[in-house]
Amino acid sequence: MTRLLVGLAAASLALAACSSPTADSPSGSPDGRPTIVAAFYPLEYAARTIGGDSVNVVGLTPPGGEPHDLELSAAQVAEIASADLVLYVKGYQPAVDEAVAQQAADHSLDVSAALPLLTAEHAGEHAGEPADEHAGESATGTDPHIWLDPMNMAAIGTAVTERLSAANAAAAGQYQTNNASLASDMSRLDKAFADGLASCRSRIMVVSHEAFAYLGAAFGLTQVGISGLSPDAEPSPARMRDVADLVTREGITTIYYETLVDPKVAQTLADEAGVASAVLDPIEGLIAGSSDSYPTIMEKNLATLRAGQGCE
Ligand SMILES: [Zn+2]
């Protein structure tokens, strides 16, 4: 009992020391709750789901913003410095990696650290484009899009739960309850994808940018990206021809584009190949005003894939 009280006192002191708001720091939570800075939407979802009302969650990537090439304002760097915890994926957003290394080495969590990562070697494989165009990705050589496998999201939830529980033991029970709910949602999604994609006419997904390797690995689909790992990599004419040939050869009926990136390239390719196009959301961020969440977007993605891949 004594040890518990000492632990709680230490935890609340530590949190209070870190989260005391200052006039020029918008991240300070005025009500004294710990502040979690989440680098992009799926991490906001994990933080809000696990932390509930006991934490103040600040997202770095605004709704409608494309997170790969996020640039941080001075105010956001200050938020990273003053946060109680920063959640990010190393190798995904170079500006966040840099700010975390400089400002948050002792209060950050790379949620990909405990996950088996896929290599990024597929990027540019057909295009002949340099895969090292994006410094953050080439630095690690790994594919950062871990959240598109629901079981990876479950693992992220557990990592966040452990970290929050260590900082605030008084709320650990609530965090674990919330995490159990997240895990159950992710297991349900995992089963729905496995069942829904078990028997499909085509197992090749043609996508705008190569965000779907983890989803593909989990459910037996192979992605072919029109551009590489980053959505702003402009595909070469040779790449466009290669993908168009593949669409014809493999009898692909649908080319997928996404919500936060100009669909022009994917739709041009679909028009030229005479096939349909549909939104497959890499959940890198929400569109502005969206009332969706990770599970509802994943359910839409499953319905889109089942139609586009010709699944029974
Ligand atoms: Zn991406």
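The values are calculated or read from the model by the stated rules, or taken from the named source; none is laboratory data. Quantities reported herein were computed from a predicted structural model and do not represent experimental measurements. Note that we place each Cβ from the backbone using ideal geometry, even for glycine, and neighbour counts take in every protein chain shown.
Quick notes on this structure:
- Glu258 being surrounded by 15 or more Cβ atoms within 10 Å (Cβ to Cβ), within 16 Å of the ligand (Cβ to nearest atom) and not basic (Lys, Arg): yes
- Total residues in region 190-202, condition in contact (Cβ under 8 Å) with a residue 60 or more places away in the chain, surrounded by fewer than 21 Cβ atoms within 10 Å (Cβ to Cβ) and in a helix (DSSP H, G or I): 2
- Taken as a whole, region 298-312 holds no residue that is touching an Asp or Glu at 6+ places or on another chain (Cβ under 6 Å) and either acidic (Asp, Glu) or under 17 Å from Glu66 (Cα atoms) (or both).
- Where a residue in region 226-240 is within 15 Å of Thr268 (Cβ to Cβ) and its partner, wherever it lies, is in a loop (DSSP other than H, G, I, E, B) and of a type in the set (Ser, Thr, Tyr), with Cβ under 6 Å and at least six apart: Ile226/Ser208; Pro235/Ser227
- Residue within region 64-77 that is of a type in the set (A, V, I, L, M), buried (at least 22 other Cβ atoms within 10 Å of the Cβ) and touching a helix residue (DSSP H, G or I) at 6+ places or on another chain (Cβ under 8 Å) present: no
- Met205 vs. criteria among the aliphatic types (A, V, I, L, M) and part of a helix (DSSP H, G or I): no
- Residue within region 222-233 that is over 30 Å from Glu162 (Cα atoms) and more than 16 Å from the ligand (Cβ to nearest atom) present: yes
- The one condition in (1) among the hydrophobic types (A, V, I, L, M, F, W, C); (2) buried (at least 23 other Cβ atoms within 10 Å of the Cβ); (3) away from the ligand (no atom under 15 Å from the Cβ) that Trp147 fails to fulfil: (3)
- Reported count of residues in region 262-299, each being more than 30 Å from Gly251 (Cβ to Cβ) and either touching a residue at least 24 places away in the same chain (Cβ under 8 Å) or crowded, with 21+ Cβ neighbours inside 10 Å (or both), is 9.
- The condition (being in contact with a Cys (Cβ under 8 Å, 6 or more places away or on another chain) and modelled with pLDDT of 95 or more) is satisfied by just one residue among Arg163, Arg188, Arg201: Arg201.
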